[in-house]
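For reference, the structure is listed below as structure tokens.
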């Protein structure tokens with residue numbers, strides 16, 4: 001399965017499942033890259049971070065794009 005196919009499959013999940021998937025992907029990435037804070041390099045694996053962010057876009061939009069939270073957009 002390609003990364004693009006995985007993203008397409010993830011976008012068909014509920015927002016709760018997308019959030020769970022994104023959380024698990026980030027936990028997996030953290031476990032694969034154990035290093036002290038002082039040696040952390042933000043560009044070490046941007047593709048995984050970007051994929052997790054892309055997979056969770058729809059779920060976050062569904063949660064935060066509502067009339068009750070619209071008042072916060074003007075702050």
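The values are calculated or read from the model by the stated rules, or taken from the named source; none is laboratory data. The structure presented is a predicted model; accordingly, all values stated were derived computationally and were not measured. Glycine also receives a Cβ, built like all others from the backbone with ideal geometry; neighbour counts cover every protein chain displayed.
Is it the case, given these coordinates, that residue 31 is assigned to a helix (DSSP H, G or I), at pLDDT 80 or above and surrounded by 13 or more Cβ atoms within 10 Å (Cβ to Cβ)?
no
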Meets criteria (exposed (fewer than 12 other Cβ atoms within 10 Å of the Cβ) and at pLDDT 85 or above) for residue 18: no
